[in-house]
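What follows draws every value from the coordinates through simple rules; no lab data is involved. Quick caveat: nothing in here was measured; it's all calculated off a predicted structure. In this analysis, Cβ positions are derived from the backbone assuming ideal geometry, glycine residues included, and neighbour counts consider all displayed protein chains.
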Amino acid sequence: MMNSLKHLLFAIAGFGLLSAGALAQETPTAAPAGVKLVEAKAVQDLQAKGAHIVDTRKASEYAEGTIKGAISVPYDPEKSAKAAAFDASQDKFDMGKLADKNKDIVLFCNSGTCWKSYKAAVVLAKNGYKNVHWYRNGFPDWKARKLPTE
């Protein structure tokens, strides 16, 4: 009886983990076409050279803390599917703050389960921006490395 109960509890716990995983769809591990995947060190180097560091999270998240020097350009509302083949026309991303299509632009949000920066990178690349960088690990990674925030 006790063994059956243990098996049942493990089965329920396993199902719960699978369900949670399905809800938090991971972004692709490779950058979309026309975009370069970057890590924290490259973000620092690009920032030192004058790149725009763009926080694509909601304005309220940006206000709670961001990478020092980042500008807020929310990918919001995000209504499209959390999938590589998303329909950008369902979403809103104001490229007005990013007028120079030749400037280095680094996009980030809240790590691999946050699609905002991935989608923003795709939108920029499809609109002729030449130097788009995607910091997939995003703000949680930046904070964990104790890099400058504001």
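Using a cut-off of 21 Å between Cα atoms, the listed pairs LYS58/LYS92; LYS58/LYS101; LYS41/LYS146; LYS41/LYS101; LYS103/LYS143; LYS79/LYS119 include LYS58/LYS101; LYS41/LYS101; LYS103/LYS143 as exceeding that distance.
What the pair-distance distribution of region 26-144 shows, using all Cα-Cα distances binned every 5 Å from zero, is 2, 13, 26, 28, 21, 9, 2 percent. Applying 1/(1 + (r/R0)^6) with r as the Cβ-Cβ distance of ALA30 and ALA63 and R0 = 41 angstrom yields a FRET efficiency of 0.85. For THR149, the residues whose amide H sits under 5 Å from its own are LYS68, ignoring neighbours fewer than 5 places away on the same chain, with H placed 1.01 Å from N. Sorting the segments 112-121, 41-50, 83-92 by their mean number of nearby beta carbons within 10 angstrom, highest to lowest, gives 112-121, 41-50, 83-92.
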